[in-house]
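The values are calculated or read from the model by the stated rules, or taken from the named source; none is laboratory data. Since the model is a prediction, treat every value here as computed from it, not as a measurement. Cβ placement follows ideal geometry from the backbone for every residue including glycine, while neighbour counts extend to all protein chains displayed.
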Amino acid sequence: MENGIDFLHILDPNMSSKIFMCFEDLFDLAHVSAVSRSWRDYVIANGLCKQLCVRLFPQLSKVNNVIELTSSTKNPAEVGSSNSMEWESLKQEHRAYTFLAQGLRSFAVKQLIAEPIVASSTDNYPEESIDNTLDPSERAGRRASYWSSKGQSNPAVPETLTYKLDGDLCLISEINIQPFQAFFQWGLPIYSAKAVRFRMGHIKLPADCPLDDLQDSVLQDSVRDSFVSTYTSEEFPMAQENRLQNFKLPEPVLCIGGFMQVELLGRVQRQEMDSLFYICVTHVQILGRSLAPAFSVDIDEHSKSLTLKVLSYNEPSPAEIPTTNSSFFGRRHIRDSGQIVNILRGNVYIPDYDWGEEDDESDDEEFVL
């Protein structure tokens, strides 16, 4: 090695870049850049970490700016001369993409749904709202727990469920969905979809349309019309079976913007009472790695360009990873409390299902979804 020749000194820059870009793992590129100062400087100066990240995750191709907002880093504009400012900016970009690659590989895999936002239709609101899809149980107390679409005479009418994810940047690997089986109806029908498809992206809303109050129908329409998709999956067939069905993406996908739409395509089950087709879902899981709170993104709607923000270079500790969605259960408590008040006032009638064993065997009564 003492008598070795650095190929950077004898090859033209394009050939050197091709050699470095033969790596398929950014960790290998990071290790190589630690071999010598000249190799490190070359990797930084040519933005090779970003190039490899974009090759692995094409959704990052629209990132045109990187900003570090951590307390331990300096703004490149404060460094000095134009050359030093440019070099500091390149080093900042190198640090950001290196840590981004680390997070995409090592941050904990978890359930990524932070909030259920809106369903394209709901049969009985709020009893059968999208909120119920975060609860893995088929029953909540004495009631069935599921989301139900409105009935349709045309079985081809699709439905969508829109969710806010736990972070602006999420690497999604698989989605699990359980159709609902109406155990209170004759024949125990399962209201699955024929197929599912997944769209990832962000929501473009006016400043006066907050995401924390989306139950109003006008705002729901705004969310549906304002969803901007950056990735659309293939269609996956759904079985008409009462189980948590796994839909694994061919390759993990980086969702930029923090929203996912589950598209439920086609209907297979007609309700006997009204002869309409419904889609009903018990539970939805979106699994992957969130890069929050380390990263966030700003999206320029005019140019469609992205600004990647580094908020921390620390990997989230287990204490920062939520195990339950407290806001969802809080909304369910408020919703159930509101139902109790309405019942006491005589404003709402909700069937009182008795799930005792004797009734399960002898109850012939059907309830409308």
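Cβ-Cβ under 9 Å, sequence separation 6+ or interchain: first residue in region 42-53 and under 16 Å from H31 (Cβ atoms), partner in a loop (DSSP other than H, G, I, E, B) and among the polar types (S, T, N, Q). Which pairs?
If the second residue must be in a loop (DSSP other than H, G, I, E, B) and among the polar types (S, T, N, Q), the pairs left are Y42/S33; V43/S33; I44/S33; L48/S33; C49/S33.
Residue-wise test of (1) among the basic types (K, R); (2) modelled with pLDDT of 95 or more; (3) assigned to a strand (DSSP E or B).
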site	(1), (2), (3)
I175	no, yes, yes
F183	no, no, no
R197	yes, yes, yes
V218	no, no, no
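Is it the case that some residue within region 73-83 is modelled with pLDDT of 80 or more, loosely packed, with under 13 Cβ neighbours inside 10 Å and more than 30 Å from L287 (Cα to Cα)?
Residues of region 73-83 that are modelled with pLDDT of 80 or more, as a first pass: none.
Among the residues of region 73-83, not one is modelled with pLDDT of 80 or more, loosely packed, with under 13 Cβ neighbours inside 10 Å and more than 30 Å from L287 (Cα to Cα), which makes the answer no.
Of the residues that make up region 40-54, is at least one closer than 16 Å to L291 by Cβ, at pLDDT 85 or above, within 20 Å of the chain's Cα centre (by Cα) and not in a helix (DSSP H, G or I)?
Taking every residue of region 40-54 in turn, none turns out to be closer than 16 Å to L291 by Cβ, at pLDDT 85 or above, within 20 Å of the chain's Cα centre (by Cα) and not in a helix (DSSP H, G or I).
Looking only at region 128-176, which residues are among the charged types (D, E, K, R) and closer than 21 Å to R289 by Cβ? Give the steps one after another, and end with the answer.
Step one: of region 128-176, the residues among the charged types (D, E, K, R) are 128, 131, 135, 138-139, 142-143, 150, 159, 164, 166, 168, 174.
Matches in region 128-176: K164, D166, D168, E174.
Looking for something closer than 22 Å to R143 by Cα, in contact with a strand residue (DSSP E or B) (Cβ under 9 Å, 6 or more places away or on another chain) and either modelled with pLDDT of 95 or more or not basic (K, R) (or both) - is there at least one such residue anywhere in region 258-266? Walk me through how you get there before you give the answer.
Here is the first cut: in region 258-266, the ones closer than 22 Å to R143 by Cα are none.
No, every residue in region 258-266 fails to be closer than 22 Å to R143 by Cα, in contact with a strand residue (DSSP E or B) (Cβ under 9 Å, 6 or more places away or on another chain) and either modelled with pLDDT of 95 or more or not basic (K, R) (or both).
Mind checking whether some residue in region 142-158 is within 27 Å of L311 (Cα to Cα), of a type in the set (A, V, I, L, M, F, W, C) and outside any strand (DSSP E or B)? Give the derivation first.
The first filter runs over region 142-158 and keeps only residues within 27 Å of L311 (Cα to Cα), leaving none.
No - not one qualifying residue is present in region 142-158.
Among the candidates D135, D213, single out the residue that is closer than 29 Å to L306 by Cβ and modelled with pLDDT under 95. First the steps, then the outcome.
Numbers: D135 fails: closer than 29 Å to L306 by Cβ.
Result of the check over D135, D213: D213.
For the structure I just gave you, tell me whether E138 is crowded, with 22+ Cβ neighbours inside 10 Å and either under 22 Å from E272 (Cα atoms) or not assigned by TED's automatic domain parsing to the domain that holds Q261 (or both).
Criteria not met by E138.
Could you tell me whether A144 is touching a Cys at 6+ places or on another chain (Cβ under 8 Å) and among the hydrophobic types (A, V, I, L, M, F, W, C)?
Working: touching a Cys at 6+ places or on another chain (Cβ under 8 Å): no; among the hydrophobic types (A, V, I, L, M, F, W, C): yes.
So A144 does not fit the description; no.
When both residues are 6+ apart or on different chains and their Cβ atoms are under 9 Å apart, which pairs have a first residue that lies in region 279-292 and is touching a residue at least 40 places away in the same chain (Cβ under 8 Å) and over 15 Å from M260 (Cβ atoms), and a second that is of a type in the set (F, W, Y) and assigned to a strand (DSSP E or B)?
Close Cβ pairs satisfying both conditions: I279/W147; C280/W147; T282/W147.
Do we have G187 as over 21 Å from the mean Cα position of the chain (by Cα) and of a type outside the set (K, R) here?
Values: over 21 Å from the mean Cα position of the chain (by Cα): yes; of a type outside the set (K, R): yes.
Considered against the rule, which asks whether it is over 21 Å from the mean Cα position of the chain (by Cα) and of a type outside the set (K, R), G187 comes out as yes.
Determine if region 279-286 includes at least one residue that is modelled with pLDDT of 50 or more, in the same structural domain as T232 (by TED's automatic domain parsing), in a loop (DSSP other than H, G, I, E, B) and surrounded by 19 or more Cβ atoms within 10 Å (Cβ to Cβ). I'd like the intermediate steps shown before the answer.
Initially, region 279-286 is screened for residues modelled with pLDDT of 50 or more, giving 279-286.
Retained after the next criterion (residues that are in the same structural domain as T232 (by TED's automatic domain parsing)): 279-286.
This time we only want the ones that are in a loop (DSSP other than H, G, I, E, B), so: 279.
Remaining after also requiring surrounded by 19 or more Cβ atoms within 10 Å (Cβ to Cβ): 279.
Yes, the conditions are met somewhere in region 279-286.
If you go through region 173-194 one residue at a time, do you hit one that is surrounded by 20 or more Cβ atoms within 10 Å (Cβ to Cβ), touching a residue at least 60 places away in the same chain (Cβ under 8 Å) and either more than 25 Å from E272 (Cβ to Cβ) or not assigned by TED's automatic domain parsing to the domain that holds R267 (or both)?
Yes, region 173-194 contains a residue that is surrounded by 20 or more Cβ atoms within 10 Å (Cβ to Cβ), touching a residue at least 60 places away in the same chain (Cβ under 8 Å) and either more than 25 Å from E272 (Cβ to Cβ) or not assigned by TED's automatic domain parsing to the domain that holds R267 (or both).
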